Amino acid sequence: MKLAEVRNLAVGIVVALLAIAVPLVSDGYWLSIATTAMMYIALSTSWALFSGPTHLIALSTGAFFGIGGYLVGTGMSDYELDFWLMAAVAPFVAMFLALLIGLATLRLSGVYFVIFTLGLAEMIRNLVSWIQNNFLGSRGLYVLTDFTDAHIYWMLLAVAIVVFLTGWWINRSRLGFALRIIGNDEEVAKHVGIDTAWSKVTLFMTTGFFAALVGAIVAPRYSYIEPNVVFSPQLSFLVVIMALLGGVHRLWGPLVGVIPFTLMWEAITIFFPSSTTLFLGISFLLIVYLIPNGFVGMFESGLARLRR
Amino acid sequence: MMQGEPILKISNLSKRFGGLVAVDDLTFNVREHEVMGIIGPNGSGKSTTLNLISGALRASDGMIVLEGQDLTVLPPHKIARAGVARTFQLVRILPKLSVIENVIAGAAFASKPRWGGEAELFASALLERLELGDKKHLGVDSLTYIDQKRLELARALASEPEILLLDEWLAGLNPSELQIGIELISRLRNEGRTIILVEHVMDAIRSLCDRCVVMNSGKKIAEGTPAEVLSDPEVVRAYLGDG
């Protein structure tokens, strides 16, 4: 291992240990914010595994997250199945859906891909609502478990750690390198022997897997689940904004964006509960215009200027 | 170097774009260790032919066979793995990758993939041979035009291709760079590589090509050594008009 890798690993372990201790030292309010932040860390980091190198902005996180939450809800509420079973099944269902979406969108690039993923997420939300309302009777689902916020926080932390390890492994692998080449020039990628379709679908399935896993773990937090709540388009946008704020060209970039944004978002929902969408739009514009490469990009270009 | 058996066989190849026939019933073979030139006036279908061989375009008719393997309907990445490497008419390097990463990109997904330390050593040696050795850790935005061309060539060579397609690789070079460029390709030729080059620079064709195919309006109008084809009356007519 190179020196920089040892250093990164050491920093990672220290951060993870500090994160494990959070529930032991914080009260309910701050733990609840930390849990939300941990959820977005896992979601944004896994989102950036695909969208970072390929520059394809996927707005389908809400759909995969929703599948996780909804399957846990319907499994426990309607069929009296075990939480763990549903949490284990949901990610694979989402992966299969990601495969279908991936195969359908292979030829789409840029803005067409964005719109397609957004439209598809909305379609799934409406389809599930419709099936729920017309065939399954009850509109809401109860997810009753013994989990405390601390349990959920630790489970999310475990997922986040796995996401980071996966990302670290992908970045060192030929698959990660293939994705970077695709993001640079897809035509060249094909002509050096990269199966661009397969590479993109594999990464997209990975992000779908983690989003559904997070959705499943978070479900007990809601207690009461409605398709319209868990299949949230706003969540898809928040994940994108936080990742962009931090910077998507480094594995730890989204993490740097999630923490300040979660705090700011908390303040916005407290002080301006009826205009959150407005603030969402404004913050998106500000990030894209003022810090296009995120905090990490700002930090790195500042560092480069200092060294010169 | 002695030329061997034909390794690339192109038979009755056609490409139609709507009503336009860009390549029309083209047939020729390329032998091992041979440098084959494709020449002809603008719009005669030379680049289209390269794009058909590399899989960037799908043929409307005909066959492309490399060492017994039918490439005609394969996607570009499979053609690349079968041993076809190319450069592009407008130089295409990977802008956010370093110089050496650009070369590793050519090696990592080839039929005999190289990765990790092995790929770095291999890419470094290749860059050294193309006189880019001292620039290997730079970003590509610091490269001059001819260095970008060299880098693209290094990426193509990194896959150790059976056949190398150069699409106007010498275009845009100034006179002194042109000499360096011709010298470079002639070194590849002496190494015994099999090359198809689409070129406008007549000096390069005369000094580099063993044989040429001359195209006009998508059709082959002559085939032979550069001296033969360039004195062919039909070729002269295609270039200069009936006058």
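The numbers here are math on the coordinates, done by the rules we state, and not lab data. The model shown is predicted, which means the values in this text are computed figures rather than measured ones. Cβ sites come from the backbone with ideal geometry, for glycine too, and all protein chains shown count toward neighbours.
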Averaged over all viewing directions, the convex hull of the alpha carbons in chain A casts a projected area in nm² of 17.6
Shape category assigned to segment A:1-117 from the gyration tensor of Cα positions, a/c cut at 1.5 = oblate
For the protein assembly as shown, what mean projected area does the convex hull of the alpha carbons give, in nm²?
-> 31.3
Residues in segment A:211-255 reached by a label modelled at residue A:148 [backbone nitrogen below 20 Å; 7 Å Cα→Cβ] | A:217-223
Give the distance, in whole Å, between the Cα centre of segment A:226-303 and the Cα centre of segment B:142-217.
-> 49
For the pair residue A:26 and residue B:239, how long in nm is the line joining their label points, each one 7 Å along Cα→Cβ?
-> 7.6
Report, in order of residue number, the helices in chain A meeting two criteria: a C-alpha extent of 27 Å or more along the helix axis, and a mean Kyte-Doolittle hydropathy of at least -0.5; treat each whole DSSP H run as one helix.
-> A:3-25, A:28-54, A:83-105, A:111-135, A:149-172, A:196-222, A:253-271
Indicate, rounded to the nearest 5 percent, the antiparallel portion of the DSSP beta bridges found entirely in chain B.
-> 60
Computed over chain B: longest principal axis from alpha-carbon atoms vs helix B:99-108 long axis, angle to nearest 10 degrees, is 70
Set of segment A:133-162 residues, backbone N closer than 17 Å to the point 7 Å along the Cα-Cβ line of residue A:82 | A:144-147
Label point at residue B:5 placed 7 Å out along Cα→Cβ; residues across segment B:24-50 whose backbone nitrogen lies under 17 Å = B:29-34
Report the one residue of A:239, A:10, A:229 whose Cα lies farthest in the direction of the positive end of the charge dipole of chain A (charges on C-beta: Lys and Arg +1, Asp and Glu -1; origin at the Cα centre).
-> A:10
Chain B: relative contact order in percent, alpha carbon pairs under 8 Å with at least 6 residues between = 26
Candidates B:180, B:100, B:205: whichever shows maximal mean-square fluctuation once chain B is modelled as a Gaussian network with Cα springs under 10 Å | B:180
Where the centre of each part is set by its Cα atoms, how far does segment B:103-117 sit from segment A:46-89, in angstrom?
-> 35
Calculated P(r) tail over 19 Å for segment B:129-242, as whole % of Cα pairs = 52
If contacts are Cα pairs under 8 angstrom and at least 6 residues apart, what is the relative contact order of chain A in percent?
-> 32
Two-site FRET efficiency, residue A:9 against residue A:304, from Cβ-Cβ distance with R₀ of 35 Å, rounded to 0.05 | 0.90
Got a sec? How would A:105, B:194 order by Cβ neighbour count within 10 Å, fewest to most?
-> A:105, B:194
Normalise the Debye intensity by I(0) for chain B, one equal point scatterer per Cα, no solvent, then take log10 at q = 0.07, 0.17 Å⁻¹ and round to two decimals.
-> -0.23, -1.31
Take the alpha-carbon positions of segment B:47-111, form their convex hull, and give its projected area averaged over all directions (one quarter of the hull surface) in nm².
-> 4.9
